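Novice: The structure under discussion is supplied below as structure tokens; questions concerning it will follow.
Only the coordinates and a few stated rules stand behind these numbers; no lab work does. Predicted model only: the values in this text are computed from it and were never measured. Every residue, glycine as well, gets a Cβ built from its backbone with ideal geometry; the counts of neighbours run over all protein chains shown.
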Amino acid sequence: HKSEHLSTRQYGRIVDGWVTSIGLDPSAYGTHSMRRTKASLIYRRTGNLRAVQLLLGHTKIESTVRYLGIEVDDALEMAERTEV
């Protein structure tokens, strides 16, 4: 395959392999849950909503707020304090 990018299917197979290799049930884990978990951990550890927005590729900060399930007022306050 000449593409430098992974397809969704290829990525899914890799995740299944990782999960299986550590003895967990692959049906309980997926590519989206890993994406969401990573974004949530970055947000919790840094409080940097703008960085999470950029990493997720969201054009609107409100989309990131909804995706993370955080309170809008808290998120907007943090976004205003965060310089890019």
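Novice: Shape verdict for region 37-84, please, from the Cα gyration tensor: rounded (a/c under 1.5), prolate (a/b greater than b/c) or oblate.
Specialist: rounded
Novice: Which of the three applies to region 1-57, rounded, prolate or oblate, going by the alpha-carbon gyration tensor with a ≥ b ≥ c and a/c under 1.5 meaning rounded?
Specialist: Because a/c hits 1.5 or more and a/b fails to exceed b/c, region 1-57 counts as oblate.
Novice: Just want to confirm a number: the relative contact order over the chain, from Cα pairs under 8 angstrom separated by 6+ residues, in percent.
Specialist: 20
Novice: Hey, another quick one. May I ask you to derive the FRET efficiency for residue 45 and residue 76 from their Cβ-Cβ distance with R0 = 22 Å, giving the value to the nearest 0.05?
Specialist: It comes out at approximately 0.65.
Novice: Quick check on packing: order 52-61, 22-31 by the mean number of other C-beta atoms within 10 Å, highest mean leading.
Specialist: Ranked from most to least packed, the peptides come out as 52-61, 22-31.
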